[in-house]
């Protein structure tokens, strides 16, 4: 069973930086954070408020290739 509460952590961090950094930095932070959370068994990425975010298409394709 995965760590679904990691979605709250992911979303909170991204919401804090959302309008403070450019899209490249936003995506890089999302990739680093998402990868670290997955290493701790995060498997509910599609529950994220950022699942449909256009800036994260590449991030999601790398983190969740099966989706």
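Please treat every number below as a calculation from the coordinates, not as lab data. In this text, all values refer to a predicted model and were calculated from it rather than measured experimentally. With ideal geometry, Cβ positions are generated from the backbone for all residues, glycine too; neighbour counts draw on all protein chains shown.
For segment 39-67, give me the residue count where each residue is surrounded by fewer than 17 Cβ atoms within 10 Å (Cβ to Cβ) and in a helix (DSSP H, G or I). Matching residues across segment 39-67 total 9.
Cβ-Cβ distances below 6 Å connect the following pairs, each with a first residue in segment 47-67 that is farther than 16 Å from residue 24 by Cα, a second residue that is surrounded by 11 or more Cβ atoms within 10 Å (Cβ to Cβ), and a separation of six or more residues or different chains: 47/7; 48/7; 48/10; 48/11; 49/11; 63/34; 64/45.
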